[in-house]
Amino acid sequence: MIKIKNVSKIFGDKAALDNVSFDVKKGETLAVIGGSGSGKSTLLRLMIGLIKPTSGEIYMDGEPLSDKTEAEWDKLRLKMGMVFQYSALFDSMTVGENVAFGLREHTDLPNEEIEKIIKEKLELVGLPNVENLMPNELSGGMKKRVSLARAIAINPSIIFYDEPSSGLDPITTRKIDELIKDTQKALKVTSVVVTHDMLSATRIADRIAMLSEGKLVAVAPTEEFKKIEDERIKAFFAAFSSSEGASL
Ligand code: ADP
Ligand code: MG
């Protein structure tokens, strides 16, 4: 579904990504792991078109992103759901209006249809009857759920998550992991989950890709990935087996 080919992204004199190549397959959940500053968010921002590669190319359904016009990008973004690191809800809007945001921006659906979708998506993420609350009345885990409800409101074919469990305790993290898996099953979407949490990655992903200092260390199916003989991968696993949910 997505092909990343020899992509580099330079900021100033620093390569945030250095000649990275891999694919995201249709229908899979791919976790992109790596320590802080390894280039994960940069990769995500490239895939959703917020920034452009310094060199290399990204293909979506076989078409190079560099050729897309703004009008084509608008269309493409309707296929992409995005769950940001800090939920990024609008504090002055109700939960329901937050979920409806993309629909109001990008569609002409009648209000009653939008109300129906709000209810349906909030139920899907396990939060019935919260549409009239304000975001600041919700816990961190609930905000993440609302953020996911907003992402899936537009019926995307691919969902991008940036550190979906950052700032959450291990139990809430586990619940969000379950939710990501359930959403994938229910909607048959492709998911790209960026995380520094190895445990989360192994719980949710069909395949794992690891970045270190902007370089791709490895990409492999989850069970195979765990067995790869590489110091950087071993170090990552070691950090997590000693304390669940520890941050790197
Ligand atoms: P991660 O998400 O894995 O923590 P990032 O992709 O955010 O890593 O960052 C990778 C590297 O690129 C870091 O060294 C970061 O400081 C740098 N970087 C990211 N975005 C910018 C930017 N807009 N301007 C300058 N440097 C950036
Ligand atoms: Mg990041």
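The values are calculated or read from the model by the stated rules, or taken from the named source; none is laboratory data. Since the structure is predicted, the reported quantities are computational estimates derived from the model, not experimental observations. Methodologically, a virtual Cβ is constructed for each residue, glycine included, from the backbone with ideal geometry; neighbour enumeration extends over all protein chains shown. The accessibility values were calculated without ligands, DNA or RNA, using every heavy atom of the protein model including side chains. Shrake-Rupley method; radii C 1.70, N 1.55, O 1.52, S 1.80 Å.
Listing for the model above:
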| quantity | calculated |
| --- | --- |
| Given (1) among the β-branched types (Val, Ile, Thr); (2) assigned to a loop (DSSP other than H, G, I, E, B); (3) at pLDDT 95 or above, number of the condition residue 154 does not satisfy | (3) |
| Count of residues meeting criterion [touching a residue at least 40 places away in the same chain (Cβ under 8 Å) and within 16 Å of ligand 2 (Cβ to nearest atom)] in region 1-14 | 1 |
| Selection from region 188-200 of residues that are in contact with a strand residue (DSSP E or B) (Cβ under 7 Å, 6 or more places away or on another chain) and either within 14 Å of ligand 2 (Cβ to nearest atom) or over 27 Å from residue 155 (Cα atoms) (or both) | 192, 193, 194, 195, 196, 198 |
| Test set (1) more than 13 Å from ligand 1 (Cβ to nearest atom); (2) hydrophobic (A, V, I, L, M, F, W, C); (3) outside any strand (DSSP E or B) - residue 30 fails condition number | (3) |
| Residue that is farthest from ligand 1 (Cβ to nearest atom) [pool: residues in region 198-218 that are out of contact with any helix residue (DSSP H, G or I) (no Cβ under 7 Å at 6 or more places or on another chain) and part of a loop (DSSP other than H, G, I, E, B)] | 213 |
| Residue within region 64-71 that is modelled with pLDDT of 95 or more and either within 16 Å of ligand 1 (Cβ to nearest atom) or among the acidic types (Asp, Glu) (or both) present | no |
| Number of the exception - residue 3 against (1) open to solvent by 60 Å² or more (accessible area, probe 1.4 Å); (2) more than 30 Å from residue 129 (Cα to Cα); (3) assigned to a loop (DSSP other than H, G, I, E, B) | (3) |
| Hey, residue 144 more than 14 Å from ligand 1 (Cβ to nearest atom), among the charged types (D, E, K, R) and surrounded by 22 or more Cβ atoms within 10 Å (Cβ to Cβ) or not | yes |
| Some residue of region 203-224 being without any contact (Cβ under 8 Å) to a residue 12 or more places away in the chain and more than 16 Å from ligand 2 (Cβ to nearest atom) | yes |
| Residue within region 110-118 that is over 28 Å from residue 182 (Cβ atoms) and in a loop (DSSP other than H, G, I, E, B) present | yes |
| Residue, surrounded by the most Cβ atoms within 10 Å (Cβ to Cβ), within region 47-83, restricted to residues that are more than 14 Å from residue 156 (Cβ to Cβ) and within 16 Å of ligand 2 (Cβ to nearest atom) | 51 |
| Test result for residue 46, within 17 Å of the chain's Cα centre (by Cα) and at pLDDT 95 or above | yes |
